[in-house]
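Peer 1: Supplied in C-alpha coordinates, the structure appears directly below.
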Amino acid sequence: MVKLNLLLTVALVAIALSVVSARHQARKLFMTLQSEQARARDLDVEWGQLQLEISTWLMHNRVEEVARGRLKMVIPEPGRIYVLQKDARP
(Lines give C-alpha, C1' and ligand atoms only; values in the text may rest on other atoms or scores of the structure.)
Protein backbone atom coordinates (compact mmCIF):
# COMPACT_ATOMS: atom_id res chain seq x y z
CA MET A 1 0.00 0.00 0.00
CA VAL A 2 2.88 2.38 0.82
CA LYS A 3 4.44 1.69 -2.58
CA LEU A 4 1.13 2.48 -4.29
CA ASN A 5 0.78 5.75 -2.33
CA LEU A 6 4.36 6.68 -3.16
CA LEU A 7 3.83 5.85 -6.84
CA LEU A 8 0.61 7.88 -6.95
CA THR A 9 2.32 10.81 -5.19
CA VAL A 10 5.17 10.79 -7.70
CA ALA A 11 2.68 10.60 -10.57
CA LEU A 12 0.65 13.46 -9.07
CA VAL A 13 3.75 15.65 -8.68
CA ALA A 14 4.84 14.86 -12.26
CA ILE A 15 1.38 15.72 -13.63
CA ALA A 16 1.24 18.92 -11.55
CA LEU A 17 4.65 20.00 -12.88
CA SER A 18 3.60 19.28 -16.44
CA VAL A 19 0.42 21.36 -15.96
CA VAL A 20 2.44 24.26 -14.54
CA SER A 21 4.92 23.98 -17.41
CA ALA A 22 2.14 23.90 -20.00
CA ARG A 23 0.42 26.95 -18.49
CA HIS A 24 3.70 28.85 -18.39
CA GLN A 25 4.38 27.98 -22.03
CA ALA A 26 0.84 29.05 -22.96
CA ARG A 27 1.33 32.42 -21.22
CA LYS A 28 4.64 32.97 -23.02
CA LEU A 29 3.05 32.13 -26.36
CA PHE A 30 0.12 34.45 -25.65
CA MET A 31 2.49 37.32 -24.85
CA THR A 32 4.38 36.62 -28.09
CA LEU A 33 1.09 36.58 -29.99
CA GLN A 34 0.05 39.93 -28.53
CA SER A 35 3.44 41.41 -29.38
CA GLU A 36 3.25 40.20 -32.98
CA GLN A 37 -0.32 41.47 -33.34
CA ALA A 38 0.80 44.90 -32.15
CA ARG A 39 3.65 44.80 -34.64
CA ALA A 40 1.21 43.83 -37.41
CA ARG A 41 -1.02 46.78 -36.50
CA ASP A 42 2.00 49.11 -36.63
CA LEU A 43 2.98 47.72 -40.03
CA ASP A 44 -0.60 48.19 -41.29
CA VAL A 45 -0.49 51.84 -40.22
CA GLU A 46 2.88 52.30 -41.92
CA TRP A 47 1.56 50.59 -45.08
CA GLY A 48 -1.37 53.01 -45.17
CA GLN A 49 0.95 55.98 -44.79
CA LEU A 50 3.18 54.70 -47.59
CA GLN A 51 0.16 54.16 -49.86
CA LEU A 52 -0.92 57.75 -49.18
CA GLU A 53 2.58 59.03 -49.92
CA ILE A 54 2.72 57.05 -53.17
CA SER A 55 -0.64 58.39 -54.29
CA THR A 56 0.57 61.91 -53.52
CA TRP A 57 3.73 61.46 -55.55
CA LEU A 58 1.85 59.96 -58.49
CA MET A 59 -0.70 62.75 -58.78
CA HIS A 60 -0.43 64.51 -62.15
CA ASN A 61 -0.21 67.95 -60.58
CA ARG A 62 2.65 66.86 -58.34
CA VAL A 63 4.59 65.38 -61.26
CA GLU A 64 4.06 68.54 -63.29
CA GLU A 65 5.11 70.72 -60.34
CA VAL A 66 8.36 68.80 -59.89
CA ALA A 67 9.02 68.83 -63.64
CA ARG A 68 8.54 72.59 -63.87
CA GLY A 69 10.18 73.58 -60.58
CA ARG A 70 13.07 71.25 -59.96
CA LEU A 71 13.80 70.04 -63.49
CA LYS A 72 13.00 73.34 -65.24
CA MET A 73 10.93 71.58 -67.89
CA VAL A 74 8.39 73.39 -70.08
CA ILE A 75 5.71 72.31 -72.53
CA PRO A 76 7.24 72.35 -76.05
CA GLU A 77 5.94 74.66 -78.73
CA PRO A 78 3.58 73.03 -81.27
CA GLY A 79 6.22 73.37 -84.00
CA ARG A 80 8.69 71.30 -82.00
CA ILE A 81 6.32 68.36 -81.46
CA TYR A 82 6.86 65.42 -83.80
CA VAL A 83 4.48 62.47 -83.99
CA LEU A 84 6.08 59.20 -85.01
CA GLN A 85 3.88 56.56 -86.46
CA LYS A 86 4.57 52.89 -86.48
CA ASP A 87 5.24 51.46 -89.90
CA ALA A 88 2.29 49.40 -91.20
CA ARG A 89 4.59 46.66 -92.50
CA PRO A 90 5.16 43.63 -90.21
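The values are calculated or read from the model by the stated rules, or taken from the named source; none is laboratory data. Computed from a prediction, not measured in an experiment: that's the story for all the values here. We place every Cβ from the backbone using ideal geometry, glycine too, and count neighbours over all the protein chains shown.
Peer 1: Can you tell me which of Arg41, Arg27 is basic (Lys, Arg), part of a helix (DSSP H, G or I) and over 16 Å from the mean Cα position of the chain (by Cα)?
Peer 2: Matching residue, one of Arg41, Arg27: Arg27.
Peer 1: Just to be sure before I move on: is Ser55 under 30 Å from Val74 (Cβ atoms), assigned to a helix (DSSP H, G or I) and not β-branched (Val, Ile, Thr) in the structure I sent?
Peer 2: yes
Peer 1: Of the residues Glu46, Glu64, which is at pLDDT 95 or above and among the acidic types (Asp, Glu)?
Peer 2: From the options Glu46, Glu64, the qualifying one is Glu46.
Peer 1: Could you grab me the full set of residues in segment 58-80 that are part of a helix (DSSP H, G or I) and surrounded by fewer than 10 Cβ atoms within 10 Å (Cβ to Cβ)?
Peer 2: Across segment 58-80, the qualifying residues are Leu58, His60, Asn61, Gly69, Pro78, Gly79, Arg80.
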